[in-house]
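Trainee: Attaching a single structure in structure tokens format; questions to follow.
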């Protein structure tokens, strides 16, 4: 069946009895391909039939499907003729793991972060109406994404619509970690109230058979149906907002899904179709551990085990262990996650200190202000979050934390280039967007031991502090260089002349290579571990600038607003004669690919940086 899908809408040429076979083939294809390339597996296995039903019911690319987050759009890509792209999924120059408008006209909107699809879909609906065009808009959102406040803002706005707008609630009782909070409980209650739909349909069918009086009785019942729903289905949250609710619908029954979608198309206004799916369906290891198989590295299909075993601690592991040690001796330490307890290393903390662990769901803005409230109440909160997701709470950092100078610790994981997830997940803006905030302290460690020391330092620091560290195995070189953390002070590793390299955080490993390359070619070269991006070590920079001809800053962050520009501003303001060369990422979004490949392409690998430094020095 899969070979007969070469482009969008080809699925409509299959017979009904062939559709389950296609679903099985898609799952086999996904497991095989993702086991080799890595990617998001469990979420995609869970929406195979739902995606097929959408493609059977709607006309692409005329109709628009907006995938919330977008990591569940693999089947959509297969059904729109991109099957061959899976051999290079998430590799540099290959197919993205998320919807991309530049990839296909069938991708209506680029996504990568959660809780955005209803807002984007509503915008497409209003654009359709303004331009007098004729197409359907479908927003697919998971129950985990409904913990994000932006989704409620969009639902509130959508409730005023008088034109068709279809929202698919993909309810698998999971975000990345297991769902938490009131919406999760509400949806659980709705799942158990499915008999209401059957009851309503049975009563209607029976009354239609009553000669003469049947229609009048149906109309009279319809006038009171809201009160009946309130009794039978708890809350009727969506209908109370003015959004027609259909479901729950079995999410792995293609015929029932298609019928529900056809019904939804007839609604004049916003309509939500509640679909029940199983994350990881069809592949037993993913069914048993959907969180583990949310985003995976290459794995063995038979056993489900990852092919490359972790050989030593990651930065995330170090953070989790040290935070637990600090919490054991300090009862005011609390930890916060936005539905990412495993990914941010807080699972150990959650087990040891459940009363001081808070999973707020996919709601980063709320998490930041919640942390501010904890801090105002005398608690030492640590919010562990991916760099690209912390962007979602920026106003709260500025207004609720830094303005009040509250002692909140931001453990900024996945900083710098993260690789295969691409533009939406690269953590390449945090140094810029954090270091411009008054009262904020920004730190970044060169190796695993310095990360531990920075965490301990932050526990005693009376103000907001962000500790920035990357994904992956923690660097263990230069263990002997571990001078105490002193506020605003960098660490001098080698003191020579001519060229001075100032390295930020995990780029120290590359900076050491650059230093070695320059030494081999006869250059006298100092090496500095910056440690603090805000405040910068002005005394160190001044001393280096007066004793060296060239200052080189190295950071895995965009140049605009980053460490290098702060150094350059200081050097210029103090009329220091040394030239400053900034080695950072260009003003662009960095696509998917391995970190090594991306560094070479962006010319911040050790070889490229050595060439750039020598060229600059020779032109002084």
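The values are calculated or read from the model by the stated rules, or taken from the named source; none is laboratory data. Only a predicted model underlies this, so the values are computations on that prediction, with no experimental measurement involved. For neighbour counting, all protein chains shown are included, and Cβ atoms are generated from backbone atoms with ideal geometry for every residue, glycine included.
Trainee: Which ones in the range 119-149 are without any contact (Cβ under 8 Å) to a residue 60 or more places away in the chain, assigned to a loop (DSSP other than H, G, I, E, B) and at negative phi?
Mentor: Those that are without any contact (Cβ under 8 Å) to a residue 60 or more places away in the chain, assigned to a loop (DSSP other than H, G, I, E, B) and at negative phi: 133, 134, 143.
Trainee: Scan the range 159-178 and give yes if some residue there is in contact (Cβ under 8 Å) with a residue 12 or more places away in the chain and assigned to a helix (DSSP H, G or I), otherwise no.
Mentor: So in the range 159-178, the residues in contact (Cβ under 8 Å) with a residue 12 or more places away in the chain come out as 159-178.
Add one more test, that the residue is assigned to a helix (DSSP H, G or I), and what stays is none.
So far as the range 159-178 goes, no, none of its residues is in contact (Cβ under 8 Å) with a residue 12 or more places away in the chain and assigned to a helix (DSSP H, G or I).
Trainee: Same structure, new question: From the set of residues in the range 479-497 that are at pLDDT below 95 and touching a helix residue (DSSP H, G or I) at 6+ places or on another chain (Cβ under 8 Å), which is nearest to residue 383 (Cα to Cα)?
Mentor: 482
Trainee: Okay, next question. Which condition from (1) touching a residue at least 12 places away in the same chain (Cβ under 8 Å); (2) within 16 Å of residue 238 (Cβ to Cβ) is the one that residue 152 breaks?
Mentor: In the conditions (1) touching a residue at least 12 places away in the same chain (Cβ under 8 Å); (2) within 16 Å of residue 238 (Cβ to Cβ), residue 152 misses (1) alone.
Trainee: Which is surrounded by 16 or more Cβ atoms within 10 Å (Cβ to Cβ), outside the structural domain of residue 362 (by TED's automatic domain parsing) and in contact with a helix residue (DSSP H, G or I) (Cβ under 6 Å, 6 or more places away or on another chain), of 320, 345, 291, 282?
Mentor: Working: 320 fails: outside the structural domain of residue 362 (by TED's automatic domain parsing); 345 fails: outside the structural domain of residue 362 (by TED's automatic domain parsing); 291 fails: in contact with a helix residue (DSSP H, G or I) (Cβ under 6 Å, 6 or more places away or on another chain).
That would be 282, the only listed residue that is surrounded by 16 or more Cβ atoms within 10 Å (Cβ to Cβ), outside the structural domain of residue 362 (by TED's automatic domain parsing) and in contact with a helix residue (DSSP H, G or I) (Cβ under 6 Å, 6 or more places away or on another chain).
Trainee: Let me ask something else about it. Any residue at all in the range 104-118 that's farther than 20 Å from residue 298 by Cα, without any contact (Cβ under 8 Å) to a residue 40 or more places away in the chain, more than 18 Å from the chain's Cα centre (by Cα) and in a loop (DSSP other than H, G, I, E, B)? Walk me through how you get there before you give the answer.
Mentor: Kept after step one, since they are farther than 20 Å from residue 298 by Cα, are these residues of the range 104-118: 104-118.
Then drop every residue that is not without any contact (Cβ under 8 Å) to a residue 40 or more places away in the chain, which leaves 107.
Imposing the further condition that a residue be more than 18 Å from the chain's Cα centre (by Cα) reduces the set to 107.
Adding the requirement that they be in a loop (DSSP other than H, G, I, E, B) leaves 107.
Yes; the residues of the range 104-118 include at least one that is farther than 20 Å from residue 298 by Cα, without any contact (Cβ under 8 Å) to a residue 40 or more places away in the chain, more than 18 Å from the chain's Cα centre (by Cα) and in a loop (DSSP other than H, G, I, E, B).
Trainee: In the range 253-262, is there at least one residue being in the same structural domain as residue 122 (by TED's automatic domain parsing), in a loop (DSSP other than H, G, I, E, B) and more than 21 Å from residue 38 (Cα to Cα)?
Mentor: Start the filter on the range 253-262 by keeping residues that are in the same structural domain as residue 122 (by TED's automatic domain parsing), which leaves 253-262.
From what's left, in a loop (DSSP other than H, G, I, E, B): 253.
Still in the running and more than 21 Å from residue 38 (Cα to Cα): 253.
Yes: the range 253-262 contains one or more residues that are in the same structural domain as residue 122 (by TED's automatic domain parsing), in a loop (DSSP other than H, G, I, E, B) and more than 21 Å from residue 38 (Cα to Cα).
Trainee: Only one residue in 604, 614 is within 20 Å of residue 519 (Cα to Cα), assigned by TED's automatic domain parsing to the domain that holds residue 524 and in a loop (DSSP other than H, G, I, E, B). Which one?
Mentor: Details: 614 fails: in a loop (DSSP other than H, G, I, E, B).
Result: 604 is the single residue among 604, 614 that is within 20 Å of residue 519 (Cα to Cα), assigned by TED's automatic domain parsing to the domain that holds residue 524 and in a loop (DSSP other than H, G, I, E, B).
Trainee: Looking at residue 492, is it in contact with a strand residue (DSSP E or B) (Cβ under 7 Å, 6 or more places away or on another chain), in a helix (DSSP H, G or I) and buried (at least 17 other Cβ atoms within 10 Å of the Cβ)?
Mentor: Values: in contact with a strand residue (DSSP E or B) (Cβ under 7 Å, 6 or more places away or on another chain): yes; in a helix (DSSP H, G or I): no; buried (at least 17 other Cβ atoms within 10 Å of the Cβ): yes.
Answer is no for this residue.
Trainee: Further question: How about the range 364-379: which of its residues are surrounded by fewer than 23 Cβ atoms within 10 Å (Cβ to Cβ) and either in contact (Cβ under 8 Å) with a residue 60 or more places away in the chain or within 18 Å of the chain's Cα centre (by Cα) (or both)?
Mentor: 365, 366
Trainee: Restricting attention to the range 82-93, report how many residues are part of a loop (DSSP other than H, G, I, E, B), more than 20 Å from the chain's Cα centre (by Cα) and over 19 Å from residue 28 (Cβ atoms). Step through it out loud before you land on a result.
Mentor: The first filter runs over the range 82-93 and keeps only residues part of a loop (DSSP other than H, G, I, E, B), leaving 82, 89-93.
Adding the requirement that they be more than 20 Å from the chain's Cα centre (by Cα) leaves 82, 93.
From what is left, the residues that are over 19 Å from residue 28 (Cβ atoms) are 93.
Residues meeting the conditions: 1.
Trainee: Sticking with this one: Criterion first (at pLDDT 95 or above, in contact with a helix residue (DSSP H, G or I) (Cβ under 9 Å, 6 or more places away or on another chain) and farther than 27 Å from residue 615 by Cβ) does residue 472 satisfy it? I'd like the intermediate steps shown before the answer.
Mentor: Values: at pLDDT 95 or above: no; in contact with a helix residue (DSSP H, G or I) (Cβ under 9 Å, 6 or more places away or on another chain): yes; farther than 27 Å from residue 615 by Cβ: yes.
When the stated conditions are applied, residue 472 does not pass them.
Per-residue answers, yes or no, for (1) at positive phi; (2) in a helix (DSSP H, G or I); (3) crowded, with 21+ Cβ neighbours inside 10 Å:
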{"residue": "569", "(1), (2), (3)": "no, yes, no"}
{"residue": "582", "(1), (2), (3)": "no, no, no"}
{"residue": "588", "(1), (2), (3)": "no, no, no"}
{"residue": "592", "(1), (2), (3)": "no, no, yes"}
{"residue": "599", "(1), (2), (3)": "no, yes, yes"}
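Results for (1) in a helix (DSSP H, G or I); (2) closer than 25 Å to residue 155 by Cα, shown as yes or no for each residue.
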| position | (1), (2) |
| --- | --- |
| 8 | no, no |
| 12 | yes, no |
| 21 | yes, no |
| 25 | yes, no |
| 28 | yes, no |
| 53 | yes, yes |
| 77 | yes, no |
| 96 | no, no |
| 100 | no, yes |
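Trainee: Name the one entry in 459, 454 that is out of contact with any helix residue (DSSP H, G or I) (no Cβ under 7 Å at 6 or more places or on another chain), buried (at least 17 other Cβ atoms within 10 Å of the Cβ) and more than 20 Å from residue 584 (Cβ to Cβ). Walk me through how you get there before you give the answer.
Mentor: Working: 459 fails: out of contact with any helix residue (DSSP H, G or I) (no Cβ under 7 Å at 6 or more places or on another chain).
Among 459, 454, only 454 is out of contact with any helix residue (DSSP H, G or I) (no Cβ under 7 Å at 6 or more places or on another chain), buried (at least 17 other Cβ atoms within 10 Å of the Cβ) and more than 20 Å from residue 584 (Cβ to Cβ).
Trainee: Right, something else. Identify the residue in the range 30-45 that is in contact with a helix residue (DSSP H, G or I) (Cβ under 9 Å, 6 or more places away or on another chain) and not in a helix (DSSP H, G or I) and, among all such residues, is surrounded by the fewest Cβ atoms within 10 Å (Cβ to Cβ).
Mentor: It comes out as 39.
Trainee: Just give me the residues in the range 297-325 being more than 26 Å from residue 505 (Cα to Cα) and either assigned to a loop (DSSP other than H, G, I, E, B) or touching a residue at least 40 places away in the same chain (Cβ under 8 Å) (or both), in sequence order.
Mentor: Residues of the range 297-325 that are more than 26 Å from residue 505 (Cα to Cα), as a first pass: 298-307.
Within the range 297-325, 298, 299, 300, 301, 302, 303, 304, 305, 307 qualify.
Trainee: Go over the candidates 385, 360 one by one and state the one that is outside the structural domain of residue 143 (by TED's automatic domain parsing), modelled with pLDDT of 95 or more, in contact with a strand residue (DSSP E or B) (Cβ under 9 Å, 6 or more places away or on another chain) and more than 18 Å from residue 331 (Cα to Cα).
Mentor: On the way: 360 fails: modelled with pLDDT of 95 or more.
385 is the lone residue from the list that is outside the structural domain of residue 143 (by TED's automatic domain parsing), modelled with pLDDT of 95 or more, in contact with a strand residue (DSSP E or B) (Cβ under 9 Å, 6 or more places away or on another chain) and more than 18 Å from residue 331 (Cα to Cα).
Trainee: Follow-up question, since we're still on this one. Confirm whether residue 50 is in the same structural domain as residue 263 (by TED's automatic domain parsing), crowded, with 20+ Cβ neighbours inside 10 Å, over 30 Å from residue 596 (Cβ atoms) and free of Cβ contacts under 8 Å to residues at least 40 places away in the same chain.
Mentor: Numbers: in the same structural domain as residue 263 (by TED's automatic domain parsing): yes; crowded, with 20+ Cβ neighbours inside 10 Å: yes; over 30 Å from residue 596 (Cβ atoms): yes; free of Cβ contacts under 8 Å to residues at least 40 places away in the same chain: no.
No, not satisfied.
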